[in-house]
Each structure stands twice: as structure tokens, then as C-alpha cells.
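Accompanying notes for the structure given below.
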Amino acid sequence: MKVITYISNVAVGIFRLMQGMYVAMLQMIRPKVTEQYPENRGKKEQFERFRGELIMPHDENNQHQCTACKICETNCPNGTLQITVKSVLDEATGKEKKALDTYLYDIGSCIFCALCTQSCPQNAIEWTPQFEHSVYTQGKLVKQLNKEGSSLKSKVKSDK
């Protein structure tokens, strides 16, 4: 009885070995698919929902839709976004209102969860297919999304 079990186990082992070698031989015969990344950089098309880099679109007058409500900063799970607000005197009504001063985005700590873009009521931020973020220093991974001079043309008071 033990001899029969031993012989059957050896036969099953040889059969499994042959199955593995068959799969390996098929992989050796199939044509290789290699992405030549640096050479075909412009040819690569990302899929529609790809999250590469966060941007804040500006119009031709250098204005954006962000109202500095800080909902995106609140919903960010690891503090990737840092928004500073300033008080602006509205010339039409004479009242103070808050305006965006700086909108900092740290790509190095971003987990690309898109909670910021989904929660933004004004749709002021969006994702681009830009995915190359390699730099030599970590400080270069922090980007200011609002352009200089994109705030309202009003008198500014510092808000702390």
C-alpha cells in the first residue's frame, strides 16, 4: 500500500512539474511587450479617470473659482493641502470677505484619493494626466496652485 502511494505521489509530482515547465515554455515563446518609456513619453495616453497631479484652472483674466472655503483642506486625510486666507475689502459693498492667499499642494504626501476634488463645491481644482514627479529635493514637491496676482483687485488686510 505504501509503495503504491509513493509511486502515485511521484507521478503526480512529475505531472505538476511538466505543467509548470509547459507554462514557462509558453511564456518564452510569446512575443515580448516592453514599454520603451522615455522614448514614447508623448505617445502614452492615460485613461479618463487617471489622477496624476492636482491643478487649479485659471481663466484668461488670471481668475480662479476657489472661494477659500477650505472644504478640500478639511477632507484631505493627510494634510496635503494647505490654504491660507486673507481678508479683502469688497469695494462694491464695503464689507470684508475672505479671499484665497496661497493654495499649497504637497505631491510627496498626496495619496491621490480625490477627496479634495469630489468635495469642492465650486469645482475649482481638478486632476491632470501629468505623472512625472521625480525631483532631487523634497521641497520641490510642494507647489502653489493659485497663480501670483490671481486674487481680487481689492484692498488687503492680513487675516491670522
Note to self: Quick check on this structure: which one of THR93, THR84 is assigned to a loop (DSSP other than H, G, I, E, B) and without any contact (Cβ under 8 Å) to a residue 24 or more places away in the chain?
What the structure shows: THR93
Notebook entry, point to check: Restricting to region 13-46, what's the tally of residues that are part of a loop (DSSP other than H, G, I, E, B) and either touching a Lys or Arg at 6+ places or on another chain (Cβ under 7 Å) or surrounded by fewer than 10 Cβ atoms within 10 Å (Cβ to Cβ) (or both)?
Noted result: 15
Next item on the list: Kindly indicate the residue of region 119-143 that is outside any loop (DSSP other than H, G, I, E, B) and without any contact (Cβ under 8 Å) to a residue 24 or more places away in the chain and also nearest to HIS58 (Cα to Cα) among those meeting that condition.
Entry: LYS140
Next item on the list: Taking ALA114 as the residue in question, decide whether it is among the hydrophobic types (A, V, I, L, M, F, W, C) and over 27 Å from LYS44 (Cβ atoms).
Entry: no
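Read-outs: derived from the displayed coordinates by stated rules, not from any lab. Keep in mind it's a predicted model, so treat the numbers as computed, not measured. Virtual Cβ from ideal backbone geometry, glycine too; neighbours counted across all protein chains shown.
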